[in-house]
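Below: the structure, in C-alpha cells.
The values are calculated or read from the model by the stated rules, or taken from the named source; none is laboratory data. What you are looking at is a predicted structure, and each value in this text was computed from that prediction instead of being measured. Cβ placement follows ideal geometry from the backbone for every residue including glycine, while neighbour counts extend to all protein chains displayed. Just the protein is used for accessible areas: all its heavy atoms, side chains included, with ligands, DNA and RNA removed. Shrake-Rupley method; radii C 1.70, N 1.55, O 1.52, S 1.80 Å.
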Amino acid sequence: MSFALWTPLAIPALLAVLSLGVPSPALRRLSPIASSVAVLISGLLLVSVVLADEVPTLGGGLLRADALSAYMLTVVGAVGLVSTWGGLGHATAEPARFAGSYDALISIFLAAMSLAVLADNIGLMWAAVEATTIATAFLVGHHRTPRSLEAAWKYVILGSVGVAIALLGIVLIYAASRGTGEATLSWLVLSHAGLPLDPALIRAGGALAVLGFATKAGLAPMHSWLPDAHSQAPAPVSGLMSGVLLAVALYAILRIQTITDAVIGPDFLRIMLSVGGLLSLFVAAALLIRQRDFKRMLAYSSIEHMGMMAIGAAIGAAALPAVLLYVLGHGLTKATLFVISGRILEVEGTPKIDDVRALLVRRPGLAVPWLIAMAALIGFPPFSIFFSEVGIIVAGFSTGLGVVVGIALVLLLVIFASLTRLTVAMTIGAPAATAVPAVPAAAVPAVPAAAVPAARAAASVTGAVPVSIPSASVTLADAAPHPDDPLVPDRSGHGPMLPLILALGTTAVVAFIADPVGTLLTRAAEVLGGIQ
C-alpha cells in the first residue's frame, strides 16, 4: 500500500504540469478536482491500512502514514474536493500568458499540503509548509487588484517570517538530537520518551517552532495576514486556506508539541498555546462585533476556531480526539461557506454586509445553504463543531484548566451573538421596496386600450416605471414580472450544490459514527501521545 504515499504527491504535480502545458480549458478546470480526488482516495486507502494496524513507509521512512497522517491526508482531500468542485467556474478570465496558472497552483498547493502531513522528517515537513506559502501567495493575488496584491505581499512577508522562525526552532531541535549519537529530524525517533535530548535546546527549539507555525495557523498575535488574504483570494482558494492550510500548520504544532512534551513535559507549551488560543478568541470577538465584510467575517471566524483548537492542544490527550474532529468539521464547513460567499459576491457585486439584505426572500438558492452552514459554524447540534467544542470544554474542566476554558466560553458566546446578528442581517427580512411617486389621476392622459401593448413595449425598452391608465382600466403592472425583478425569488445555487450538500451532511453525521471514525480519532490521538 506504499503507492498511496506517493500518489497524492505525483498525481497533483502531473496535473499541474498538464494545466500549464495543455491548451484545454476543460482539462485546466477539472485538474484541481482530479487532484483533490487523488488525495482523498489516497487518504481513505491509508486509513483502511492503519486501521488494520499497518504503518506504510516510503523512501527509507522519509514518508510515513500513521493514523494521524492518514486522517489529515483524508481531510486535505475532502476539503480540497469541496472547494474545487464547489468553486467550478469561479475563477475570472485571465490573460493568455497566465492561462492554467490558477489551476496548476491549486494542484501544487494540494501536493504540498499532502507532503507536509506524510513527512516523518520535520525538516521536510517545514519545507512542504513553506511550499504552501509560495503557491498560495500567487493565488491570493490572483485577481491582480491593488488590494489583492497588497494582501499577497503581506501574506508573503509575515508567512516567510513565521516559517523562518520555525526553521530556526527545527535547527535547534536537530542540534539537541546530536546528543543521541546520531543527529536526526525523524519525528518517530525524536518523540520517543527517554531519549537523551538537551532540554534547554528542546525548550528553545520547540518554542520557536511553535511560534513560527502558529503564524501560518493564524493564531493571534501573528494573525494579521489572515483577514486580508482570505478576503482577497478567490473563494475556492479562501476555502482551502481556511479549511485545511491552517489545520496543516496546527498539525505541525502538534507534532512539535509531542517532541517537547516527551523531553520537558507539557507545562511549557501548555501555557504558550493557552495564551495564543485565548488571545485569538479575544481578537475574533472584538473584531466580529462590528464587522462589515462577509468574507472578512469568515476569516475572523477562522481565527476563533483555530484559537479553540490551540486551547484543545494545550489541554492535551483528553481533548485531542475532539480537536481532530474539530479539524474535519471546521474544514468542511468553512470550505462550504467560502464557496457560497464567492457566489454571493458574484451575484450581489459587493462584499459589504450592509448592501446584502433579505437573501432568504430574494435568493433562497444561496440563503438556505448559507444559513445551514452558518449554523454548523456557530456550533449548533448536530454538527460536529458543537461536539468538538463541548469535548474541549469538558476536557479542560477535567484537567484543571477550568479558568482557561471558562474565559474561552465567555468569548465564544460573544462570537456566537456577533455571527448570529450578522447572518440574520444578511438573510432575514423583506427586500427594500423602490418608492414610486404618486401620480394624480387627473394628470394621467387617457390612452386607448389598443395602445397599451405599445406602451408596455416602450416601458420594457426604456425601463420606465409602469403607471396606471384609468381610461383603459388596464395597468402596465399587469405585465409578466421581469426575470431581474428583485421581488422574484432567485432559487438558483449559482454553481454545483452536491459538494456543499455532501460537506454539510458529513459534518452533521460524522460525530455519531463510532466505527471507523471514532476508532481512527482515538488512534490518531494516541500517536500524538507517543503510543505507536
Rounded to the nearest whole Å², what accessible area per residue is found for the chain with the 1.4 Å probe?
39 Å²
How are the Cα pair distances of the range 1-117 distributed, in percent, across 10 Å bins from 0?
16, 44, 26, 12, 2, 0
Identify, among Thr522, Met272, Ala511, the residue whose Cα sits farthest towards the positive end of the charge dipole of the chain, taking +1 on the Cβ of Lys and Arg and -1 on the Cβ of Asp and Glu, with the dipole about the Cα centre.
Met272
Once both labels are modelled 7 Å past Cα along the beta-carbon direction, what's the Phe397-Val410 spacing in nm?
1.7 nm
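For the range 103-180, what is the Kirkwood estimate of the hydrodynamic radius, computed as the reciprocal of the mean inverse distance between distinct Cα atoms, to one decimal in Å?
Numbers: mean 1/r = 0.0734 Å⁻¹.
Hydrodynamic radius (Kirkwood, Cα only) of the range 103-180 equals 13.6 Å.
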Order of exposure, largest accessible area first, which applies to Trp126, Trp370, Trp85 with probe 1.4 Å:
Trp85, Trp126, Trp370
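Want the number for Ser2 to Trp153: 0.36 nm per residue separation, take away the alpha-carbon distance, what's left?
Values: separation 151, 0.36 × 151 = 54.36 nm, distance 3.85 nm.
That pair, Ser2 and Trp153, stretches by 50.5 nm at full extension.
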Can you compute the charge dipole magnitude of the range 291-373 about its Cα centre, using +1 on each Lys and Arg Cβ and -1 on each Asp and Glu Cβ, nothing else charged? Give it in debye, rounded to the nearest 20.
160 debye
Need one number for the chain: average projected area of the convex hull over its C-alpha atoms, nm².
27.6 nm²
What's the long-distance tail for the range 102-251, i.e. % of Cα pairs beyond 28 Å?
23 percent
Semi-axes of the equivalent ellipsoid for the range 334-433, please: Cα gyration tensor eigenvalues, times 5, square-rooted, ordered largest first, whole Å.
32, 13, 11
Tell me the carbon and sulfur percent of the accessible area for the chain, rounded to whole percent, probe radius 1.4 Å.
70 percent
For the range 184-271, what are the per-bin percents of Cα-Cα distances with bins 10 Å wide, up to the bin holding the maximum?
17, 42, 24, 14, 3
Debye, to nearest 20: dipole size of the chain, +1 on Lys, Arg Cβ, -1 on Asp, Glu Cβ:
820 debye
If I take the Cα coordinates of the range 283-333 and project them onto the principal axes, what are the three extents in Å, biggest first?
38, 22, 9
When all Cα-Cα pair distances of the range 379-433 are considered, the percent exceeding 15 Å is 61 percent
Cα centroid distance between the range 104-143 and the range 58-82, in Å?
14 Å
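Could you work out the helix-only [θ] at 222 nm for the chain, with each DSSP H run of four or more residues adding -39,500 (n - 2.57) and the total divided by the number of residues, to the nearest 500 deg cm²/dmol? Don't jump to the answer; show the numbers that get you there.
Details: 21 runs with 357 residues, N = 532.
-22500 deg cm²/dmol, from helical runs alone.
Normalised by the empirical 2.2 N^0.38 Å for globular proteins, what value does the Cα Rg of the range 198-348 take? Don't jump to the answer; show the numbers that get you there.
Numbers: Rg = 15.8 Å, N = 151, 2.2 N^0.38 = 14.8 Å.
Compared with the compact-globule rule of thumb, the range 198-348 sits at 1.07.
Given R₀ = 22 Å, FRET efficiency for Arg491-Ala425 by Cβ-Cβ distance, to 0.05? Can you show the working numbers first?
Values: r = 22 Å, r/R0 = 0.99.
With R0 = 22 Å, the Cβ-Cβ based efficiency is 0.50.
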How about Lys334: which lysines have a C-alpha closer than 18 Å to its C-alpha, ignoring those fewer than 8 places off in the same chain?
Lys216, Lys295
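Any chance you could run the full-extension gain for Leu345 through Glu182? It's 0.36 nm times the residue separation minus the Cα-Cα distance, nm to one decimal. List each step's numbers first, then the result.
On the way: separation 163, 0.36 × 163 = 58.68 nm, distance 5.53 nm.
Length difference between fully extended and current span is 53.2 nm.
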Any chance you could check the Cα centroid distance between the range 309-358 and the range 361-392 for me, in angstrom?
9 Å
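Helices from the chain with mean Kyte-Doolittle at least 1.0 and a Cα length along the axis of 24 Å or more, per DSSP H: which? Could the numbers behind the result be given before it?
Values: long enough: 3-21 (26 Å, 1.87); 25-51 (40 Å, 1.68); 67-86 (28 Å, 1.46); 101-118 (25 Å, 1.84); 122-140 (27 Å, 1.67); 146-177 (46 Å, 1.38); 199-217 (26 Å, 1.15); 246-264 (26 Å, 1.62); 267-288 (31 Å, 1.91); 294-315 (32 Å, 0.73); 320-348 (41 Å, 1.17); 402-427 (37 Å, 2.27).
Helices passing the filter in the chain: 3-21, 25-51, 67-86, 101-118, 122-140, 146-177, 199-217, 246-264, 267-288, 320-348, 402-427.
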